[in-house]
Amino acid sequence: MIRRPATLLLACVLLLTSTAALGRTAVVPPSASELRSIVETLAAPEMDGRRAGTPGGERATNRIAEWLAAAGLRPGGDGASFLQSFTLAPGRRLGPASTLEIGGRALKAGVDWTPHGGSRPGEVSSVLTFVDDSWNGDLHDKIVVAPPRGSRLESLILARQRGAAALLLIGDALPTLDATSAPVSLASGSITRAAANALRAAATGETARLVVDLLPADVRAANVIGVLPGTDPTLAGETIVLGAHWDHLGSSGGAIYYGADDNASGTAVVVGLARAFAAAGAGPRTLVFVLFGAEELGLIGSSHYVRHAALPLAQTVAMLNFDMVGRMRDGKLTVGGVDSADRLRAATADAARAAGVQVDLHGTPFSASDHTRFYSAGAPVLFFHTGGHEDYHRPSDTADRLNVDGMARVAAMGAAVVTSLDDGARPVYAKLTPPVRKRSGGRGDGAFLGVGGDARAGDGAQLGHIVAGSAAERAGLRDGDVLVRIDDVAVDGFEALRRAIRAHRPGDIVRLMYLRDGRDYETSATLERSQE
């Protein structure tokens, strides 16, 4: 088959639309080479995986802001900037009053011992007692010094259940406050092995005084927002939002998680479309281009935007979300949410035919990506996605594996949909019911719990998003809960959580231990079959 040049094809798609009625010249969508360049910049080693709240993430947001400014868009962020800052996590730093004192001897905080970031603050005075690996003995009302028994969170939960006043875990090195940030309602910290040995020799059975003093040091990230104001006096107050999340998983264990498909691909499409529409000139309605932060940590950036939209959210005509659009196979694309408003199915189908894309239209808008926050707030949505693959959330998700010609076709479709919606009646929002996921038995690796959140290893798995209608929702899990254990397997981080789920099959019933507001709870869930 002879493939027509992507640039010519995509230009022709948009020339078929009624651009004259919009008061703009023909919109020429981004070429494959332009999209490749954007992705290669965002997925370069110096971006260090673009984890929100890290220097690599900050470099990514600054670069995206430069691109939107160069395109001629108006800043839509804080203080006439392109960046909309938000709190990513309630960080902590060591306060000056933190104290561990035994018999007049003070251990140095940050050197001999450290509080945990998730410790209950305040002062505890009680008898100091040491326990061995078996944790035998009376812990009630004691300040306990012990080796970990299971994970850190499992150790803290066990100590709290056995009535300990506080727990100091023995380790070769002191963890950071961020690494121990999951809260447990118990005063706690870590102590070096050398300090613990010295105390055991001289201070067992003496009264100890422990003061946990933690000061706020919030971790922040940003959305990047550019605005192309509309020109029609009656329609310019209405907005079409084009969005994608710029963040990925960062680096871990010496490996960079490049996130080329997830989601430098979607970011490239949105940046490319921002350039294309800005170059063509304004249309009747206002276009808002938003690159969200911290999607991987639980849709945090899009949640913040919905609460603090650049323009009134109630005036949103539609939100188009591009998430993992870089692996088109056989010219196929999935678009979800086409039944979230009355005009979207026809507009999407028409755009797909013009772009030569085989589109799989899904009526439901419910899935774990940023558009769900808009839909829940009353805005129609479309979700563009080229499907999962074996490199998902792995260091092998690199730029050289992308189908950039396919990305160019996705961009052409997006541009055609926007052009159609910009020049017509406002779509009427439809309130849909989340689908009931199939509870199937059978064998395979497709077990599904229905949670999303922080993919970095360490200290439980904090849930940032619960999929509507999923096993997790039926089990009573909520955003913000911290999963500690599945059956008898500790889940320190989302990679451990994924491994634990993959070890099961659809239909299995699993026991879940989790933390909520520092207290531990248990529930059970019946795993479903993944619908990826």
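At a glance:
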quantity	calculated
Relative packing of 414-427, 64-77, which averages over residues the other C-beta atoms within 10 Å, highest first	414-427, 64-77
Sorted by Cβ density within 10 Å, fewest first, the residues Thr41, Thr114	Thr41, Thr114
FRET efficiency estimate (nearest 0.05) - Cβ-Cβ, Thr176 to Arg329, R0 41 angstrom	0.45
0 to 90° range, to nearest 10: angle between helix 404-422 axis and the chain longest Cα axis	70 degrees
Listed peptides 124-137, 216-229 by packing density, highest first (mean Cβ within 10 Å)	216-229, 124-137
Global geometry of the chain, whether rounded, prolate or oblate, following the gyration tensor of its Cα atoms and the 1.5 cut on a/c	prolate
Ranking of Ser470, Ser396 by count of other Cβ atoms within 10 Å, fewest first	Ser396, Ser470
For the chain, share of DSSP beta bridges that run antiparallel, in % to the nearest 5	65 percent
Cα-based helix-to-principal-axis angle, 193-203 vs the chain, degrees rounded to 10	30 degrees
Only Lys, Arg (+1) and Asp, Glu (-1) charged, at Cβ; the chain dipole about Cα centre in debye	620 debye
Region 282-392: antiparallel DSSP beta bridges as a percent of all, rounded to 5	30 percent
Degrees, to the nearest 10: 344-355 long Cα axis against longest axis of the chain	70 degrees
Centroid-to-centroid separation of region 306-383 and region 224-272 [C-alpha atoms, Å]	14 Å
Antiparallel bridges, percent of DSSP beta bridges restricted to region 102-202 (to nearest 5)	20 percent
Approximate spin-label separation Ser134-Arg200, in nm, with each point projected 7 Å along Cα-to-Cβ	1.5 nm
Gained length - Ala349 relative to Ser33, 0.36 nm times residue gap less alpha-carbon distance	111.2 nm
Cβ-derived FRET efficiency at R0 22 Å, Arg499 paired with Glu390, nearest 0.05	0.90
Cβ crowding within 10 Å averaged over residues, with 486-498, 264-276 ranked highest first	264-276, 486-498
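Bear in mind that the values in this text are calculations on the coordinates, not laboratory data. This structure is a prediction, so every number in the text was calculated from the model and none was measured. Ideal geometry is used to build each Cβ from the backbone, glycine not excepted, and the neighbour counts take in all protein chains shown.
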